[in-house]
Amino acid sequence: KLNGKNYVEWAQSVKLTLDGKGKLGYLTGDTSQPGVIDPSLLRWKSENSLIIAWLINSMDSSLGKPYLFLPIAKDVWEAVRDCYSDLENFFQIYELKTRMWQSKQGDKDITTFYNLMVTL
């Protein structure tokens, strides 16, 4: 579930799931809404609604609420990306800086300590 700190992992999981079901186009825009008189409109609306529900249900309830009334799955996907992808970077940078400042060589040899630092 998207919790506000795991956007990259959540987004990849969603993409894999929808691609496996042949529905990734709803997020990328490749599966666009048919015209009003197109007979496939009803099917598109049904699948679009299902994908919106999947997206919202894959988020913590407090995060999903703002997206309930967006009518198109691609809009939900992009709004979530815009909101949380930069936040993800902030959390990663903060965590990395914290781990760097807390790291100490102690009794580790220089090679072990170096390898620890470069894998942060």
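Only the coordinates and a few stated rules stand behind these numbers; no lab work does. The shown structure was predicted, so the numbers you read here are calculated from the model rather than taken from an experiment. Cβ: placed from backbone, ideal geometry, glycine included. Neighbour counts: every protein chain shown.
Can you give the angle from 0 to 90° between the axis of helix 41-57 and the longest principal axis of the chain, with both taken from C-alpha atoms, to the nearest 10?
Around 30 degrees separate the two axes.
Would you mind checking which residues have amide H under 5 Å from M59's amide H? H placed 1.01 Å from N; only 5 or more apart, or other chain.
It is L2, by chain and number.
Once you have all Cα-Cα distances for the range 7-88, histogram them in 10 Å bins from zero and send the whole-percent values.
Going from the shortest bin to the longest, the percentages are 17, 53, 24, 5, 0.
Output wanted: per-residue J couplings in Hz (rounded whole) for the range 19-27, from phi through Karplus 6.51 cos²θ - 1.76 cosθ + 1.60, θ = phi - 60°, x for Gly and Pro.
For the range 19-27, the Karplus-derived couplings read 5, x, 9, x, 10, 4, x, 5, 8 Hz, x marking Gly and Pro.
Along the range 78-86, what does the Karplus equation 6.51 cos²θ - 1.76 cosθ + 1.60 (θ = phi - 60°) give for ³J(HN,Hα), rounded to whole Hz, x for Gly and Pro?
Each residue's phi maps through the Karplus curve to give 5, 5, 5, 4, 4, 7, 10, 5, 6 Hz.
Which distance in Å, rounded to a whole number, links the C-alpha centroids of the range 1-72 and the range 104-120?
Value for the Cα centre distance between the two parts: 43 Å.
Add -39500 (n - 2.57) for each DSSP H run of 4 or more in the chain, then divide by its residues: what number comes out at 222 nm, to the nearest 500 deg cm²/dmol?
-20500 deg cm²/dmol
Summing Lys, Arg as +1 and Asp, Glu as -1, what charge do residues with Cβ under 12 Å from the Cβ of K15 carry, K15 excluded?
Every neighbour counted, the sum reads +1.
Tell me, what HN-Hα J-couplings in whole Hz come from the Karplus equation 6.51 cos²θ - 1.76 cosθ + 1.60 at θ = phi - 60° for each residue of the range 100-107, using x for Gly and Pro?
Going residue by residue, I get 5, 5, 7, 6, 9, 5, x, 8 Hz, with x marking Gly and Pro.
Summing +1 for each Lys or Arg and -1 for each Asp or Glu, what net charge is found among the other residues whose Cβ lies under 13 Å from the Cβ of Y26?
+1
S49: net charge of surrounding residues, Cβ under 15 Å, Lys/Arg +1, Asp/Glu -1, itself excluded?
Residues near S49 contribute +3 overall.
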